[in-house]
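I have placed the structure first, in the form of structure tokens, so that the comments after it can refer back to it.
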Amino acid sequence: MQPITDALARAAATAGYAPSIHNSQPWHWRVHDEVLDLYADHSRRLGITDPDGRLAVLSCGAALHHARTALSAQGWDARVIRLPEAAEADHLATITTAGRIPVTARALRRVQTIEIRHTDRRPVTATPVDGDRLSAVMAAVEREGARLHVVPAGRIVELASAVSFAQRTEAAEEAWRAELAYWTGGTRPTGTGVPDAAIPDRPTQTTVASRDFGHAGALPVSAEHDTGATFAILYGEQDCATGWLRAGEALSDAWLTATELGLSVLPLSAATEVPATRLALRRLLADLGEPYLVLRLGVADPDHAGAPHTPRLRADQTIERP
Ligand SMILES: Cc1cc2nc3c(=O)[nH]c(=O)nc-3n(C[C@H](O)[C@H](O)[C@H](O)COP(=O)(O)O)c2cc1C
């Protein structure tokens, strides 16, 4: 195999570590002719929770950023064309390489961070997130063309009530409950979904409610209240596939940056899944942009690694090679 094709296939495999809504991994990669194409895979889309595909495309954006990161660490200058075919909405990106670049220590460290990043749903420690670390996470988001709005203390109640309303609205719908159970219960397809080991064994004490998975998991959590948490809204200019894809790339960069700085990131997507609460988030942003995702940021407990890693599909299930 040619070295570039080999590097592209390896980048697609590394992208498999990316976070995704309910660990659905809604991506499909095609390696051909020294090109890596990214497609959204409808067979793993959440039709009830995410009818427009916002969170599926956002998850694919995170995978795209992981692939770009992996190519840099292999010394390839990655070039990306986003939404390359106007008539083919599922074709999200085309990656090519534009020659060799020096492999930096930072790029190598980033790929290691990809393997250790994970979602930690336990309460964060009481230590508040300091300005320097928050600025680094914000800079990562902005590097990828999105923005981060830190919700001020005086408006947290508004955010909390939007998230609670969204969760109640969703839980009232039988089809929605069935979809959640499919991805988080015993029937989830092998290599996907959220296992009990990553779900708290009792509701966590928090100002803004975390996802209610409909059942208790097996992740031991303390009775601490996450008073040290910072809540922020990831947002941008466009409420369309380009905006969602860039938001996913920004989420990946921000999460890897946070992980390297000892911060935990917990996405809370319920309020962007329900149209009425998406509007409420827009108002919280003073109509400055389109809300993509609520994030809880906090100082991770250095003494505990947290939940074990969630499973992933095999590379040959998501990567097509001629
Ligand atoms: C777009 C998106 C939305 C998510 N929404 C939530 C959420 O509302 N609540 C939650 O606990 N986790 C949420 N997650 C985290 C995923 O469940 C997690 O990434 C997935 O299970 C894989 O696990 P890992 O991040 O530990 O690798 C979200 C992730 C993404 C990318």
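The values are calculated or read from the model by the stated rules, or taken from the named source; none is laboratory data. All values reported here derive from a predicted model rather than from experimental measurement. Note that we place each Cβ from the backbone using ideal geometry, even for glycine, and neighbour counts take in every protein chain shown. For accessibility, only protein heavy atoms count, side chains too; no ligands or nucleic acids. Shrake-Rupley method; radii C 1.70, N 1.55, O 1.52, S 1.80 Å.
Give the shape of region 183-271 as rounded, prolate or oblate, defined through the alpha-carbon gyration tensor: a ≥ b ≥ c are the square roots of its eigenvalues, a/c under 1.5 means rounded, and otherwise the shape is prolate if a/b is larger than b/c and oblate if not.
On the way: a/c = 1.87, a/b = 1.29, b/c = 1.45.
Because a/c hits 1.5 or more and a/b fails to exceed b/c, region 183-271 counts as oblate.
Rounded to the nearest 500, what is the chain's calculated 222 nm mean residue ellipticity when only DSSP H runs of at least 4 contribute -39500 (n - 2.57) each, over all residues?
Numbers: 10 runs with 123 residues, N = 322.
Rounded to the nearest 500, it is -12000 deg cm²/dmol.
Excluding ligands, DNA and RNA, what is the solvent-accessible area per residue of region 86-130 at a probe of 1.4 Å, expressed in Å²? Result: 54 Å² of accessible area for each residue. Seen against the Cα atoms of the chain and their longest principal axis, helix 3-15 is set at about 10 degrees.
How large is the translational diffusion coefficient of region 131-299 in µm² per second when you combine the Kirkwood radius over alpha carbon pairs with Stokes-Einstein at 4 °C and 1.567 mPa s? Reported coefficient: 77 µm²/s.
How big, on average over all directions, is the shadow cast by the Cα convex hull of the chain, in nm²? Display every interim value, and only then the final one.
Values: hull surface 63.2 nm².
Seen from a random direction, the Cα hull of the chain projects 15.8 nm² on average.
If you sort the three axes of the alpha carbon gyration tensor as a ≥ b ≥ c, you get a/c of 1.5 or more for region 1-152 and a/b no higher than b/c, which makes it oblate. Here the chain is assigned +1 on the Cβ of each Lys and Arg and -1 on the Cβ of each Asp and Glu. Its dipole about the Cα centre then comes out at about 360 debye.
Please report the carbon-and-sulfur percent of the accessible area for the chain; probe 1.4 Å, protein heavy atoms only, DNA, RNA and ligands left out. Numbers along the way, then the final one.
Numbers: 7420 of 13820 Å².
So the carbon and sulfur contribution to the accessible surface is 54 percent.
If Lys and Arg each add +1 and Asp and Glu each add -1, what is the summed charge of the other residues whose beta carbon sits under 13 Å from the beta carbon of G193? Write down the numbers at each step before the final one.
Numbers: positive: R44, R188, R312; negative: E179, D196.
Residues close to G193 contribute a combined charge of +1.
In the elastic network of the chain, a GNM with C-alpha springs shorter than 10 Å, the most mobile of A63, A86, A162 is A86. Between helix 275-284 and the chain there is an angle of about 80 degrees, using the helix long axis and the longest principal axis of the Cα atoms.
When the residues I21, I81 are ordered by accessible surface, computed with a 1.4 Å probe over the protein chains alone, the sequence from largest down reads I81, I21.
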